[in-house]
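**Student:** Please read through the structure below; I'll follow up with questions.
The values are calculated or read from the model by the stated rules, or taken from the named source; none is laboratory data. It should be emphasised that the depicted structure is a prediction, and the values quoted were computed from it without experimental measurement. Glycine also receives a Cβ, built like all others from the backbone with ideal geometry; neighbour counts cover every protein chain displayed. When the accessible area is computed, the model is the full protein with side chains, heavy atoms only, and any ligands, DNA or RNA have been set aside. Shrake-Rupley method; radii C 1.70, N 1.55, O 1.52, S 1.80 Å.
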Amino acid sequence: MADSVQAAVRNPAQAGREFQATGVKLATLPPAHRISLRAPAASVAALSKALGLTLPEKPKTSASKGSRTALWLGPDEWLVIDDGANDPLQDCAGVEALHSAVGISHRNMAISVTGQGAESTVSAGCPQDLSLAAFPVGACSRTILGKSEIVLLRTADEAFRVECWRSFSDYVFTFLTEAARDASA
Amino acid sequence: MLLIRCPYCEEERPELEFRNAGEAHVARSTDMAAISDDDFEKFFFIRSNPKGIIFERWRHIHGCARFFNAARDTVTDKFLVTYKAGEPKPDLEGLVSNEPAAYANRPPDQLNVKKPRRAPAKKKGEA
Ligand SMILES: [Zn+2]
């Protein structure tokens, strides 16, 4: 029998993993607060007030304020990410309007894809049109990358945030690495 | 890749984001226990499976995750129209082409209609 009690250590998936090729840089982003928010239209105003930003109601759009971003995923579904100190779960806790907020901070991990080859890198596995005309800065969508589901957010002309479930993170990072090699070639 | 219009995302999305979810407009009885075995069989097992236009449920599973309905031609795989779940069957007037769906489905007398006619071979002795 083990005679020492070890404290549980939570290792963020792919922590510190990076890759660089000509014109493309991949990096695992630091841990962040995340919630999966479901709410009917009638509750949106109250939740927006509590979260401090206006929840987007148009498909494929996001809203940002400070360190917090709310991504439209479906007609009554948002992914709220906050890489600052304030947990959006706490902010929703006081809202009495009907909603469901589930903390998923550790379910997801995020990879940043930046550089002039960022678009072609993500396009290697994502079947959506990622041109700036169809997927402008601030656009976001749940979609797929290769064989894995991702949530994609365009943070700048040449920068994407790829969110995936942590159990897929090795696959997604490796896929993007191969794609980045191709994009820079 | 086939593009399917999601009525919730309001745009055409690649087919990889979608999953078929069976025939649409199969109404579930409000009093399940009261219906006969025959009616239950019809509701539960029997599907129309037509060659041609079918009304189907689809799910934008790797997108907004919503179920919606679509009218699709099972021969050409062409989506005629998609609409939100709960909406009535749309009028397909004007959307359905009367042309045969595919070349192989043309009746024999319409095959090779564009083939130029050859001049009949001259018989011996003709000028
Ligand atoms: Zn959709």
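**Student:** Considering only segment B:68-95, how many residues are within 16 Å of the ligand (Cβ to nearest atom) and surrounded by fewer than 17 Cβ atoms within 10 Å (Cβ to Cβ)?
**Tutor:** Within segment B:68-95, the first condition is being within 16 Å of the ligand (Cβ to nearest atom), and the residues that meet it are B:68-70, B:79, B:81-87.
Restricting the remaining residues to those that are surrounded by fewer than 17 Cβ atoms within 10 Å (Cβ to Cβ) gives B:81, B:84-87.
Matching residues across segment B:68-95 total 5.
Residues are listed down the side, and each one gets a yes or a no for (1) part of a strand (DSSP E or B); (2) open to solvent by less than 20 Å² (accessible area, probe 1.4 Å); (3) at positive phi:
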{"position": "A:A15", "(1), (2), (3)": "no, no, no"}
{"position": "A:A50", "(1), (2), (3)": "no, no, no"}
{"position": "A:L55", "(1), (2), (3)": "no, yes, no"}
{"position": "A:S64", "(1), (2), (3)": "yes, no, no"}
{"position": "A:W78", "(1), (2), (3)": "yes, yes, no"}
{"position": "A:G84", "(1), (2), (3)": "no, no, no"}
{"position": "A:L89", "(1), (2), (3)": "no, no, no"}
{"position": "A:H106", "(1), (2), (3)": "no, no, no"}
{"position": "A:Q116", "(1), (2), (3)": "no, no, no"}
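**Student:** Then there's this: B:R72: more than 14 Å from chain A (Cβ to nearest Cβ) and within 26 Å of A:C126 (Cβ to Cβ), yes or no?
**Tutor:** Working: more than 14 Å from chain A (Cβ to nearest Cβ): yes; within 26 Å of A:C126 (Cβ to Cβ): yes.
Answer is yes for this residue.
**Student:** Under the condition of being within 18 Å of the chain's Cα centre (by Cα), of a type outside the set (V, I, T) and not in a strand (DSSP E or B), which residue from segment B:17-50 is nearest to the ligand (Cβ to nearest atom)?
**Tutor:** B:F18
**Student:** Return the residues of segment A:118-137 that are open to solvent by 10 Å² or more (accessible area, probe 1.4 Å) and either within 14 Å of another protein chain (Cβ to nearest Cβ) or within 24 Å of B:I61 (Cβ to Cβ) (or both); say none if nothing qualifies. Walk me through how you get there before you give the answer.
**Tutor:** In the first step, residues of segment A:118-137 are kept if they are open to solvent by 10 Å² or more (accessible area, probe 1.4 Å); the result is A:119-120, A:123-125, A:127-129, A:131-134, A:136-137.
Scanning segment A:118-137 gives A:S123, A:A124, A:G125, A:P127, A:Q128, A:D129, A:S131, A:A133, A:A134, A:P136.
**Student:** Here are some conditions: (1) in a strand (DSSP E or B); (2) more than 14 Å from chain B (Cβ to nearest Cβ); (3) surrounded by 15 or more Cβ atoms within 10 Å (Cβ to Cβ). A:V102 meets all but one. Which one does it not meet?
**Tutor:** Exception for A:V102: condition (3).
**Student:** Can you find a residue in segment B:52-65 that is more than 9 Å from every other protein chain (Cβ to nearest Cβ), acidic (D, E) and within 30 Å of A:E149 (Cα to Cα)?
**Tutor:** So the first thing to find is which residues in segment B:52-65 are more than 9 Å from every other protein chain (Cβ to nearest Cβ), and the list is B:52-59.
Imposing the further condition that a residue be acidic (D, E) reduces the set to B:56.
Okay, now just the ones that are also within 30 Å of A:E149 (Cα to Cα), so B:56.
Yes.
**Student:** Let me ask another. Among the residues of segment B:6-22, write down those that are under 22 Å from B:P50 (Cβ atoms) and either open to solvent by 50 Å² or more (accessible area, probe 1.4 Å) or facing another protein chain (nearest Cβ under 10 Å) (or both). Spell out the reasoning first.
**Tutor:** Of the residues in segment B:6-22, the ones under 22 Å from B:P50 (Cβ atoms) are B:15, B:18-22.
Within segment B:6-22, B:E15, B:R19, B:N20 meet the criteria.
**Student:** Then there's this: Mind checking whether some residue in segment A:33-48 is away from chain B (no Cβ under 14 Å), open to solvent by 10 Å² or more (accessible area, probe 1.4 Å) and within 28 Å of A:E158 (Cβ to Cβ)?
**Tutor:** yes
**Student:** Still on this model: Suppose we filter segment A:138-185 for residues that are open to solvent by less than 50 Å² (accessible area, probe 1.4 Å), among the hydrophobic types (A, V, I, L, M, F, W, C) and under 14 Å from A:G117 (Cα atoms); how many remain?
**Tutor:** Summing the residues that are open to solvent by less than 50 Å² (accessible area, probe 1.4 Å), among the hydrophobic types (A, V, I, L, M, F, W, C) and under 14 Å from A:G117 (Cα atoms) in segment A:138-185 gives 7.
**Student:** Also, quick follow-up: Please name all residue pairs, on different chains or six or more residues apart, with Cβ atoms under 6 Å, provided the first residue is in segment B:52-70 and is over 15 Å from A:P59 (Cα atoms) and assigned to a loop (DSSP other than H, G, I, E, B) and the second residue is polar (S, T, N, Q) and more than 9 Å from the ligand (Cβ to nearest atom).
**Tutor:** none
**Student:** For A:G94, state whether it is in the same structural domain as A:P59 (by TED's automatic domain parsing) and surrounded by fewer than 22 Cβ atoms within 10 Å (Cβ to Cβ).
**Tutor:** The answer is yes for A:G94.
**Student:** Looking at A:P56, A:P88, can you tell me which residue is more than 22 Å from A:A179 (Cβ to Cβ), within 16 Å of the ligand (Cβ to nearest atom) and touching a strand residue (DSSP E or B) at 6+ places or on another chain (Cβ under 6 Å)? Show your work before the answer.
**Tutor:** Numbers: A:P88 fails: within 16 Å of the ligand (Cβ to nearest atom).
The unique qualifying residue is A:P56.
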